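A.B. asks: Before we start, here is the structure in question, set down as structure tokens.
The values are calculated or read from the model by the stated rules, or taken from the named source; none is laboratory data. Since the structure is predicted, the reported quantities are computational estimates derived from the model, not experimental observations. Glycine gets a Cβ as well: all are built from the backbone with ideal geometry, and neighbour counts include every protein chain shown.
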Amino acid sequence: MALRKRDIQARLVSLPGWKSEGDEIVKVYTFTSYPKAVMFANAVAWLADAADHHPEIDVEYGKVTIDLTTHSAGGVTEKDFALAAQIDGLPGLAVAKPKAASGAKARSSRTATAGATPKPKKKAATAKKLHGRTKARG
């Protein structure tokens, strides 16, 4: 049985970044690269298949949108909230506060950052200073 709007809103408090949109709950995750976004979408697919509950997953460059609803019930159910919590619990998923909308699509205001990687370290110098002179390494 589909949950009532007020029950959905009350449950969303425990799931940061998830929003109610019509008959769905939705969250947008951002990633530092396309491969990371695809890996995340694949992990969600495994969770969803194990739960026999299949969300809409939209993958774009560095961004994944998850839409959860229970079609047979005509709206959001406990099954959707259970899967949302599992998705948010995926290892390595660092969720930040949603970014503020800045004239972009409405979905961008529901964005959470995930899978951030540190900047690569600078390459080691190829020359070594010896007594005021530079000697090339060989």
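A.B. asks: Counting just the residues of segment 20-36 that are in a strand (DSSP E or B) and among the hydroxyl-bearing types (Ser, Thr, Tyr), which one comes out modelled with the lowest pLDDT?
C.D. replies: Filtering segment 20-36 for residues that are in a strand (DSSP E or B) and among the hydroxyl-bearing types (Ser, Thr, Tyr), the one modelled with the lowest pLDDT comes out as Thr30.
A.B. asks: Something else now. All but one of (1) farther than 16 Å from Lys79 by Cα; (2) in a loop (DSSP other than H, G, I, E, B); (3) modelled with pLDDT under 95; (4) not polar (S, T, N, Q) hold for Gly17, so report the exception by its number.
C.D. replies: Answer for Gly17: the failing condition is (3).
A.B. asks: I'd like to know if segment 24-38 contains one or more residues that are within 12 Å of the chain's Cα centre (by Cα) and without any contact (Cβ under 8 Å) to a residue 24 or more places away in the chain.
C.D. replies: Yes, segment 24-38 contains a residue that is within 12 Å of the chain's Cα centre (by Cα) and without any contact (Cβ under 8 Å) to a residue 24 or more places away in the chain.
A.B. asks: Condition test on Ala84, is it more than 14 Å from Ala45 (Cβ to Cβ) and modelled with pLDDT of 95 or more?
C.D. replies: yes
A.B. asks: Do you know which of the residues in segment 1-14 that are in a helix (DSSP H, G or I) and not acidic (Asp, Glu) is nearest to the chain's Cα centre (by Cα)?
C.D. replies: Leu12
A.B. asks: Please work out if Ala50 is under 12 Å from the mean Cα position of the chain (by Cα), within 18 Å of Gln86 (Cα to Cα) and modelled with pLDDT of 95 or more.
C.D. replies: no
A.B. asks: Report the residue count in segment 67-88 for those that are surrounded by fewer than 17 Cβ atoms within 10 Å (Cβ to Cβ) and either in contact with a helix residue (DSSP H, G or I) (Cβ under 9 Å, 6 or more places away or on another chain) or of a type in the set (Val, Ile, Thr) (or both).
C.D. replies: Final tally of qualifying residues: 4.
A.B. asks: Could you identify the single residue in Lys63, Lys79 that is among the charged types (D, E, K, R) and within 15 Å of the chain's Cα centre (by Cα)?
C.D. replies: From the options Lys63, Lys79, the qualifying one is Lys63.
A.B. asks: Would you point out which residue out of Asp67, Asp80 is charged (D, E, K, R) and in a strand (DSSP E or B)?
C.D. replies: Checking each option against the conditions leaves just Asp67.
A.B. asks: Test Val64 against the criterion of being surrounded by fewer than 16 Cβ atoms within 10 Å (Cβ to Cβ) and without any contact (Cβ under 8 Å) to a residue 40 or more places away in the chain, and give yes or no.
C.D. replies: Taking the combined requirement at face value, the residue does not satisfy it.
A.B. asks: Let me ask something else about it. Would segment 3-14 turn up any residue that is exposed (fewer than 13 other Cβ atoms within 10 Å of the Cβ), among the aliphatic types (A, V, I, L, M), without any contact (Cβ under 8 Å) to a residue 60 or more places away in the chain and within 16 Å of Asp88 (Cβ to Cβ)?
C.D. replies: So far as segment 3-14 goes, yes, one or more of its residues are exposed (fewer than 13 other Cβ atoms within 10 Å of the Cβ), among the aliphatic types (A, V, I, L, M), without any contact (Cβ under 8 Å) to a residue 60 or more places away in the chain and within 16 Å of Asp88 (Cβ to Cβ).
A.B. asks: In segment 49-64, how many residues are basic (Lys, Arg) and part of a helix (DSSP H, G or I)?
C.D. replies: The number of residues fulfilling the criteria is 0.
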